[in-house]
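Okay, structure first, notes after.
Every number here is computed from the coordinates shown, using simple stated rules; none is lab data. Just so it is clear, the structure is predicted and the values come from calculations on it, not from any experiment.
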Amino acid sequence: MRGWRWKREARLAGWLGVLALFILLLPVPAHGTLRTLHLDLDARQFEFTPPRFEVAQGDEVVIRLSASDVVHGFYLDDYGIERRVVPGVVEEIRFTADRAGKFRFRCSVSCGPMHPFMIGELVVTPNLPFFKAAGFVVLALGLLLAHRWRHLSAALSPQAEPVQGDR
């Protein structure tokens, strides 16, 4: 019985070690620190160039919006940011990407028959160092609970009492 308990604890420690190694080797983006990103966005019938941006959660984003042909608009879903831009003028949009996820931006000024299809996407990636730290906290709590459980189960296990003969 005692050997079985030791093997179970060794197996648990092995799995927790693998989990710790996985968390440790989890890739962290090269831009681990928060930064200010300056992005150029050009609006023309009927597209945004580039159509997709990727930033990290917490980054400050500065978009320099320009129009190449006619008056266009810019509306970023879930952030409530809206601007209008005329050809030859550059509008600056500044915000903090504080929510992880995919957010669409679209032209908010009717610019022609294909206007409803003039959309782009902002991708805000989660802050991975936070998740690595949370993983280590969960791992540490798991090790603590496993250690306490071992001591508790040893204290509660029935021990054989010596048999006393009749006298």
**Message:** Under the 0.36 nm per residue contour assumption, what length would be gained going from the current alpha-carbon distance of residue 35 and residue 99 to full extension?
**Reply:** 21.5 nm
**Request:** Express the Stokes-Einstein translational diffusion coefficient of the range 36-126 in µm² s⁻¹, to the nearest whole number, given a Kirkwood radius over alpha-carbon pairs, 20 °C and a viscosity of 1.002 mPa s.
**Result:** 165 µm²/s
**Prompt:** What's the extension gain from residue 64 to residue 134 if we count 0.36 nm per residue and subtract their Cα-Cα distance?
**Reply:** 21.6 nm
**Message:** Starting from 0.36 nm per residue, how many nanometres of slack lie between residue 45 and residue 121 once their C-alpha separation is accounted for?
**Reply:** 25.7 nm
**Fill in**
If amide H atoms are modeled at 1.01 Å from N in the peptide plane, then the residues at a separation of 5 or more from residue 70, or on another chain, having amide H under 5 Å from its own are 45
**Residues whose placed amide H lies under 5 Å from that of residue 57, excluding near-sequence neighbours** = 125, 127
